[in-house]
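K.L.:
I have a structure here, written as structure tokens, and I will follow up with some questions on it.
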Amino acid sequence: MSANVMEDLNRHFIIRCSLMKQVRNPLFAEHICTFLARTLFYTSDLLLARLDKKPMVAAFINPALCKISEDLVFYRCRTSPDSVSL
């Protein structure tokens with residue numbers, strides 16, 4: 001079973017727009033650092049036990065997509081970099 005959840009973001013501030021307009025956002029660094037630290041730490045090997053993290057990682061791995069990415073990066077780019085157009 002799959003679910004797709006969408007949210008209306010019209011009332012939210014989009015950082016890309018302010019960066020393009022060269023607007024200063026004095027709290028941006030603090031906010032993004034806090035968000036990244038919380039997000040990355042609570043799903044890292046520093047906090048989670050090895051046996052707890054393995055099933056979580058397995059739930060989000062897409063073998064077909066991994067193969068495509070690995071073939072592109074590790075095989076095609078090494079053998080003939082001129083044939084890869086980005």
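K.L.:
With unit charges on the beta carbons (Lys and Arg positive, Asp and Glu negative) and the dipole taken about the Cα centre of the chain, which residue among 26, 74, 15 sits farthest to the positive side?
P.N.:
Farthest along the dipole direction, towards plus: 26.
K.L.:
Compute for segment 16-58: radius of gyration divided by Kirkwood radius, i.e. Rg/Rh, restricted to C-alpha atoms, rounded to two decimals.
P.N.:
Result: Rg/Rh = 1.26.
K.L.:
Residue 57 to residue 39: extension gain in nm, 0.36 nm per residue of separation minus the Cα-Cα distance?
P.N.:
Roughly 5.0 nm would be gained on extension.
K.L.:
A further question follows. Is there a quick way to get the dipole size of the chain? I mean about its Cα centre, with the Cβ of Lys and Arg at +1 and of Asp and Glu at -1; what is the value in debye to the nearest 20?
P.N.:
With only Lys, Arg, Asp and Glu charged at Cβ, the dipole is about 140 debye.
K.L.:
Taking 1 over the mean of 1/r across every pair of different Cα atoms in the chain, what Kirkwood radius in Å do you get?
P.N.:
It is 17.8 Å.
K.L.:
Extending each Cα 7 Å along its Cβ direction at residue 5 and residue 68, get the distance between those two points in nm, one decimal.
P.N.:
Result: 2.5 nm between the two label points.
K.L.:
Now, a different point. What are the trypsin sites (Lys or Arg not before Pro) within segment 1-50 that DSSP puts in a loop, where the Cβ has at most 12 other Cβ atoms within 10 Å?
P.N.:
Those that pass, being in a loop and sparsely packed, are 11, 21, 24.
K.L.:
Rounded to the nearest 500, what is the 222 nm mean residue ellipticity of the chain from helices alone, with -39500 (n - 2.57) per DSSP H run of 4+ residues and division by all residues?
P.N.:
-12500 deg cm²/dmol
Every number in this text was worked out from the coordinates using simple rules, so none of it is lab data. Bear in mind that the values here come from a model prediction, so they are computed numbers and not experimental data. Reconstructed Cβ throughout: ideal geometry from the backbone, glycine too, with neighbour counts over all protein chains shown.
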